[in-house]
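The values are calculated or read from the model by the stated rules, or taken from the named source; none is laboratory data. None of these values were measured; they are calculated from a predicted model. All Cβ positions, glycine included, derive from the backbone under ideal geometry; neighbour counts span all protein chains shown. The protein model used for the area step is the full one, side chains on, heavy atoms only, and it has no ligands, DNA or RNA in it. Shrake-Rupley method; radii C 1.70, N 1.55, O 1.52, S 1.80 Å.
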Amino acid sequence: QVQLVESGGGLVQAGGSLRLSCSASGRTFSTDAMGWFRQAPGKERKFVAFTSWSGGSIAYADSVKGRFTISRDNAKNTVYLQMNSLKHEDTAVYYCAARDAVTSKVDYWGQGTQVTVSS
């Protein structure tokens, strides 16, 4: 129904920056928000940031506040995650996600992009 494709992951040293992008296609009109989750090896997938398409609501996990910025381009059906001051603990697979406008459930997921932060 909705396809999400992430890009921008890679290897970066601590203190560096990366910008992730997620492009949505298909039934994009059925979603009302997009954002990011991440999953480190052996750990649970956790919320990172989310933004609504029209409501102007933005939320961040406490662990990334002040360092990460989520933004969107509605015309391009694309959401971005600017990650600054990266730490070792930010190492994870980052997944783009979209929320269904009717059910309010996050049911659409990208394949994930690896972010590795080294010393």
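Summing Lys and Arg as +1 and Asp and Glu as -1 over all other residues whose Cβ lies under 13 Å from the Cβ of Leu20 gives a net charge of +1.
Per residue, the accessible area of the range 9-119 comes to 52 Å² when a 1.4 Å probe rolls over the protein heavy atoms. Within straight-line reach of Lys65, meaning a Cα separation under 13 Å, sit the following aspartates and glutamates at least 8 residues removed in sequence or on another chain: Asp90.
Within the shell of other residues whose beta carbon sits under 15 angstrom from the beta carbon of Asp62, the net charge comes to +3, with Lys and Arg scored +1 and Asp and Glu -1. Evaluated with a Cβ-only charge set (Lys, Arg +1; Asp, Glu -1), the chain carries a dipole of roughly 80 debye about its Cα centre, given to the nearest 20.
The phi-based Karplus calculation (6.51 cos²θ - 1.76 cosθ + 1.60; θ = phi - 60°) puts the 3J(HN,Hα) values of the range 26-39 at x, 7, 5, 5, 7, 10, 10, 7, 9, x, 9, 10, 9, 9 Hz, whole numbers, x for Gly and Pro. 3J(HN,Hα) along the range 113-119, derived from phi through the Karplus expression 6.51 cos²θ - 1.76 cosθ + 1.60 where θ = phi - 60°, amounts to 9, 7, 10, 10, 10, 10, 7 Hz, with x in place of Gly and Pro. Please grab the % of Cα pairs in the range 1-115 that end up more than 21 Å from each other. Pairs farther apart than 21 Å: 30 percent. Between Lys76 and Lys43, the C-beta separation translates, for a Förster distance of 25 Å, into a calculated FRET efficiency of about 0.20. Computed over the chain, relative contact order equals 36 percent, with contacts defined as Cα pairs under 8 Å that lie 6+ residues apart. Database remark: amide H of Gly16 closer than 5 angstrom to the amide H of Leu86 (H placed geometrically; neighbours at sequence offset of 5 or more, or on other chains; Pro and chain starts carry no H). Per-atom-type breakdown for the chain gives carbon and sulfur 47% of the accessible area (1.4 Å probe, protein chains only).
Here Asn84 and Ser119 are evaluated by their C-beta separation; at R0 = 25 Å the FRET efficiency comes out at 0.90.
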